[in-house]
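Engineer: Please see the structure below; I have some questions.
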Amino acid sequence: GAEAVRADLEGSLRRLGTDYVDLYLTHFQDPTTPIEETMALLLDFKKQGKIRAIGACNATVDDLERYRAAGLFDADQERYSMLDRNLEQAQGPWCRRHNVAVLASSPLHHGLLTGTAAPDRAYPEGDLRRDLPTFKPENLKKVAALLGRIKTVGGRRDLTVSQTVIAWTLAQPGLTHALVGARTPAQAVENAKAGDVELTPEEQAEIDRAISETFPPKAG
């Protein structure tokens with residue numbers, strides 16, 4: 001309910017030691033609470049100066065339409081990587097049309113696109129990667145081949161595989177932010193440097209070609 005959300009926000013502000021959050025996003029869309037009700041609460045937070053911008057995650061285009069109809073809507077966060085491009089079908093074009101920011105979560109596909117995971121690595125019971133089709137042995141071999149080609153592109157500019165993948169992600173139409181995880185400070189620094197990288201059209205085309213040749217688009 002609204003009071004629980006208010007308490008959550010106040011708790012976050014207290015722990016962060018700040019008066020406001022730059023971007024406040026709903027995480028999953030609760031089917032039992034109308035989006036219009038959620039948006040009214042978020043707009044109230046914004047009016048109070050406790051949040052600066054409003055967004056949603058894991059939303060359908062219909063969800064996004066309802067948010068936008070209720071007030072100024074700023075950002076959509078969805079899963080997106082060169083191995084998981086569903087965003088390009090509906091939410092991405094919708095966000096471009098309505099000037100809404102797009103935040104890509106898992107652009108390194110749970111670490112698979114860093115180039116550091118061995119193709120024969122086994123994932124234990126309970127690891128979410130164990131059940132993802134992209135982590136099946138036959139697929140890992142294809143990913144390794146793809147990353148070899150990406151390493152060649154990035155290597156010409158002293159970029160790591162991760163940096164090249166992040167730069168490619170940020171170059172996609174309408175995509176404004178890549179949300180990248182890190183397990184160490186060094187990884188965080190390495191990933192952040194990718195934000196300053198601008199791939200040339202030729203480099204983008206070379207990576208696009210490597211992706212489509214390794215994972216041909218499904219017909220229809």
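Engineer: Once you charge only the Cβ atoms, +1 for Lys and Arg and -1 for Asp and Glu, what is the size of the charge dipole of the chain about its Cα centre, to the nearest 20 debye? Working shown, then result.
Structural biologist: Numbers: 27 positive and 31 negative charges, 97 e Å.
My answer is approximately 460 debye.
Engineer: From the residues 21, 189, 69, which one has its Cα farthest along the dipole of the chain in the positive direction, the dipole being from +1 and -1 charges on Cβ of Lys/Arg and Asp/Glu about the Cα centre?
Structural biologist: It is 189, whose Cα lies furthest towards the positive end.
Engineer: For the charge dipole of the chain, defined by +1 on Lys and Arg C-beta atoms and -1 on Asp and Glu C-beta atoms about the Cα centroid, which residue among 102, 45, 159 has the Cα displaced farthest towards the positive pole?
Structural biologist: With unit charges placed on the Cβ atoms, the residue in question is 159.
Engineer: Same structure again: Counting Lys and Arg as +1 and Asp and Glu as -1, what is the net charge of the other residues whose Cβ lies under 15 Å from the Cβ of residue 94? Don't skip to the end; give the middle numbers.
Structural biologist: Values: positive: 66, 68, 96, 97; negative: 62, 63, 65, 74, 76, 78, 88.
Its environment carries a net charge of -3.
Engineer: For 141, 50, 136, what's the largest-to-smallest order of accessible area, 1.4 Å probe? Let's see the in-between values first.
Structural biologist: On the way: 141 135, 50 50, 136 75 Å².
Largest to smallest exposure gives the sequence 141, 136, 50.
Engineer: Under 8 Å for C-alpha pairs, at least 6 residues apart: give me the relative contact order for the chain, rounded to a whole percent. Can you show the working numbers first?
Structural biologist: Details: 262 pairs, mean separation 33.6, N = 220.
Relative contact order comes out at 15 percent.
Engineer: Find how much the distance from residue 116 to residue 18 grows on full extension, using 0.36 nm per residue of separation minus their present alpha carbon separation; answer in nm with one decimal. Each step should come with its number before you reach the end.
Structural biologist: Numbers: separation 98, 0.36 × 98 = 35.28 nm, distance 3.67 nm.
The residue 116-residue 18 span can extend by a further 31.6 nm.
Engineer: Ordering 180, 189, 21 by accessible area with a probe of 1.4 Å, largest first, what comes out?
Structural biologist: Values: 180 50, 189 80, 21 25 Å².
Ranked from most to least accessible, the order is 189, 180, 21.
Engineer: Note down the Stokes-Einstein diffusion coefficient of the chain in µm²/s, whole number, using a Kirkwood radius over alpha carbon pairs, 20 °C, and 1.002 mPa s.
Structural biologist: Details: Rh = 19.2 Å.
Estimated diffusion coefficient is 112 µm²/s.
Engineer: Note down the magnitude of the dipole of the stretch 40-105 about its Cα centre, charges +1 on Lys and Arg C-beta and -1 on Asp and Glu C-beta and zero elsewhere, to the nearest 20 debye. Please report the intermediate quantities before stating the final value.
Structural biologist: Values: 10 positive and 9 negative charges, 62 e Å.
My answer is approximately 300 debye.
The values are calculated or read from the model by the stated rules, or taken from the named source; none is laboratory data. For clarity, every value in this text was computed on a predicted model and none was experimentally measured. Using ideal geometry, Cβ is built from the backbone for each residue, glycine included, and neighbour counts are taken over all protein chains shown. Side chains included, ligands, DNA and RNA excluded: accessible areas come from the protein's heavy atoms. Shrake-Rupley method; radii C 1.70, N 1.55, O 1.52, S 1.80 Å.
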